[in-house]
Amino acid sequence: MNKITILWVDDEIDLLKPHILFLQSKGYNVVTSQSGQDAIEEIKETFFDIVFLDENMPGLSGLETLTEIKKYDGSIPVVMITKSEEEYIMDEAIGSKIADYLIKPVNPNQILLSLKKSLDNSRLVSEKTTANYQQEFRKIAMDLSMINTYEEWMELYKKLIYWELELEQIEDSGMFEILESQKVEANSQFGKFVDKNYKEWFKGDNAPVMSHTLFKNKIQPELEGSKTLLVVIDNLRYDQWLAFEKSLSVHYKKKQECAYFSILPTATQYARNALFSGLMPSEMERRYPDWWKNDTDEGGKNLFEAEFLGEQLQRLGLDLNWEYHKIINLKQGKQLAQNFKCQKDNDLTVVVYNFVDMLSHSKTEMEVVKELASNDKAYRSLTLSWFKNSPLLEIIQQAQDLGMKLILTTDHGTINVKQPSKVIGDRETSLNLRYKTGRSLTYQEKEVLATKNPQEIHLPNINLSSSFIFAKNDLFFAYPNNYNHYVSYYRNTYQHGGVSLEEMIVPFVVLDPK
């Protein structure tokens, strides 16, 4: 391994001889320079891993030298060293993206620490993260063998996401593969848990907050005494929320973050209608036959969300001034952002934003998106890039200016499907890849959660002999006809509708304006 080469720039460099000898004894190569101009010439001639730069020098000052260095090569880490504690110098240096800032007199160990922070940071973080996960791996494996409540599943899923986000930042693919196998095992156990408990959640009090109870149990208590922006981002997973949480922290401080369970099927027409109506699908079909559409019906399935919400608000006795907006393209998003000040008198403004759902469908249909979102890490990155440049962020910024509370949630998540599961049905069978409803369905029993009586889980009976099946783990349903083409086309795409941690355990976040 090549020695790390340091350029140390100081007009009193002779006084730093002990520091330089110390660094050389640690295996570093140190080149010295006594002026900013000489330093710039050195950098043009020689590659340096890092620069230590005195701020107070005759001729070119440290800040002026820093500017010239960054113009020549913005990637060189520069550590500013100064006698001055004046705030404007710190601001200038930090604004110029320095790697570190040290105040004289500095001792050799401070210099060594700064070097490690700037140059060894990724290696040290990698080693520590790997060691911590290896320790946590055993605990997670033990938890998986004993977990038996929905609260424990929420916590375990959050823990898996935490480690996924930590491990993706280090260069240890082996650890990441171990985590991936642990996620597969977790989803396998979670499928069994849901199979055993889902029906019971509709019979008693020991049930998680779900799509149809979210508004009453979680949103309604937040509406008292504050104007609120409720944002429902379709198809948003918990890890995607965590990816862009930091972008929100400039404008909002988090008051509450928790998870809730999407109902089955984890699909928009079921889960989002349930969220806005406060009812399960079979009840929506019975009470509002003109608004509810089954899988086999023609036309849009989510055309009456505002009407469903209005009915729920009335049932809950909430006399609010409210508006509902659905954003399905960039033009609509920009229009709402431009006119958002009109919402200032509303008690509740609801925005449904459809981008993430469109992104997941685009991955199936467009080669360029398949490249950009080839795995979960890339999918998160793409979601973050969208959010930071979207009209939605503009809307949220304006909500902050108006002093509005922000509630951010979703209807369901999505999972990257890997393995096909054969299913046979008639022409009336629904088309979704993660759930099917229809008559005479033939399927692999171990791979699905099945219900022959949809009313048991409060789903509509489209026909007297209709049943529902939901794919578990990372499976997707494929028909025997043209099987190989179908499998090749849909493998490694993002789908929803079935039973997985990613689809069912989704974020609910309350934030107050800063």
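The values are calculated or read from the model by the stated rules, or taken from the named source; none is laboratory data. Nothing here was measured: the structure is a model prediction, and the numbers come from that model. Backbone-built Cβ (ideal geometry, glycine too); neighbour counts: all protein chains shown.
In the list 244, 215, 202, which residue meets the criterion of being of a type outside the set (Lys, Arg), touching a Leu at 6+ places or on another chain (Cβ under 6 Å) and either in contact (Cβ under 8 Å) with a residue 60 or more places away in the chain or surrounded by fewer than 20 Cβ atoms within 10 Å (Cβ to Cβ) (or both)? Spell out how you get there, then give the answer.
Working: 215 fails: touching a Leu at 6+ places or on another chain (Cβ under 6 Å); 202 fails: touching a Leu at 6+ places or on another chain (Cβ under 6 Å).
When all the criteria are applied, what remains is 244.
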Can you say whether residue 429 is modelled with pLDDT under 95 and assigned to a strand (DSSP E or B), as far as the supplied structure shows? no
Take residue 239 and decide whether it is among the acidic types (Asp, Glu), free of Cβ contacts under 8 Å to residues at least 40 places away in the same chain and not assigned by TED's automatic domain parsing to the domain that holds residue 436. no
What's the number of the only condition in (1) modelled with pLDDT under 90; (2) closer than 28 Å to residue 468 by Cβ that residue 170 fails to meet? (2)
Residue that is surrounded by the fewest Cβ atoms within 10 Å (Cβ to Cβ) [pool: residues in the stretch 422-450 that are without any contact (Cβ under 8 Å) to a residue 24 or more places away in the chain and hydroxyl-bearing (Ser, Thr, Tyr)]: 442
Out of (1) in contact with a Pro (Cβ under 7 Å, 6 or more places away or on another chain); (2) at pLDDT 95 or above; (3) more than 30 Å from residue 202 (Cβ to Cβ), what's the single condition that is false for residue 478? (2)
Residue 434, sole failed condition from (1) modelled with pLDDT of 90 or more; (2) out of contact with any Gly (no Cβ under 7 Å at 6 or more places or on another chain); (3) not assigned by TED's automatic domain parsing to the domain that holds residue 275: (2)
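When you scan the stretch 381-400, how many residues do you find that are of a type in the set (Phe, Trp, Tyr) and buried (at least 20 other Cβ atoms within 10 Å of the Cβ)? Outline the logic, then answer.
First, pick out the residues of the stretch 381-400 that are of a type in the set (Phe, Trp, Tyr): 386-387.
Adding the requirement that they be buried (at least 20 other Cβ atoms within 10 Å of the Cβ) leaves 387.
Total satisfying the criteria: 1.
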What do you reckon, is residue 272 under 27 Å from the mean Cα position of the chain (by Cα), charged (D, E, K, R) and within 30 Å of residue 225 (Cα to Cα)? yes
I'm trying to understand the selection: among the residues of the stretch 154-165, which are surrounded by 19 or more Cβ atoms within 10 Å (Cβ to Cβ) and either acidic (Asp, Glu) or over 21 Å from residue 503 (Cβ atoms) (or both)? 164
When residue 135 is run through (1) in contact with a helix residue (DSSP H, G or I) (Cβ under 8 Å, 6 or more places away or on another chain); (2) part of a helix (DSSP H, G or I); (3) not hydroxyl-bearing (Ser, Thr, Tyr), the failure sits at (1)
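Would you confirm whether or not the stretch 465-486 contains a residue that is among the hydroxyl-bearing types (Ser, Thr, Tyr), outside any loop (DSSP other than H, G, I, E, B) and closer than 24 Å to residue 358 by Cβ?
Taking the stretch 465-486 as the starting set, the residues that turn out to be among the hydroxyl-bearing types (Ser, Thr, Tyr) are 465-467, 479, 483, 486.
Then keep just the ones that are outside any loop (DSSP other than H, G, I, E, B); that gives 467, 483, 486.
In the following step, the residues that additionally are closer than 24 Å to residue 358 by Cβ were identified as 486.
Within the stretch 465-486, one or more residues are among the hydroxyl-bearing types (Ser, Thr, Tyr), outside any loop (DSSP other than H, G, I, E, B) and closer than 24 Å to residue 358 by Cβ.
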Residue among 326, 331, 344 that is in contact with a Leu (Cβ under 9 Å, 6 or more places away or on another chain) and of a type outside the set (Ser, Thr, Tyr): 344
Any idea which of 84, 75, 61 is without any contact (Cβ under 8 Å) to a residue 12 or more places away in the chain and either in the same structural domain as residue 29 (by TED's automatic domain parsing) or within 17 Å of residue 10 (Cα to Cα) (or both)? 75
Taking the stretch 427-451 as the region of interest, how many residues are over 32 Å from the mean Cα position of the chain (by Cα), more than 18 Å from residue 270 (Cα to Cα) and not hydroxyl-bearing (Ser, Thr, Tyr)? 6
Tell me yes or no: at least one residue of the stretch 99-118 is at pLDDT below 85, assigned by TED's automatic domain parsing to the domain that holds residue 65 and in a loop (DSSP other than H, G, I, E, B). yes
Out of the residues in the stretch 50-65 meeting the condition of being at pLDDT 90 or above and closer than 24 Å to residue 116 by Cα, tell me which one is nearest to the chain's Cα centre (by Cα). 50
Can you give me the number of residues within the stretch 29-60 that are touching a Gly at 6+ places or on another chain (Cβ under 7 Å) and among the polar types (S, T, N, Q)? 3
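Which residues, taken from the stretch 141-153, are assigned to a helix (DSSP H, G or I) and surrounded by fewer than 19 Cβ atoms within 10 Å (Cβ to Cβ)?
First, the residues of the stretch 141-153 that are assigned to a helix (DSSP H, G or I): 141-146, 150-153.
If the condition is that a residue be assigned to a helix (DSSP H, G or I) and surrounded by fewer than 19 Cβ atoms within 10 Å (Cβ to Cβ), then 141, 142, 143, 144, 145, 146, 151, 152 are the ones that fit.
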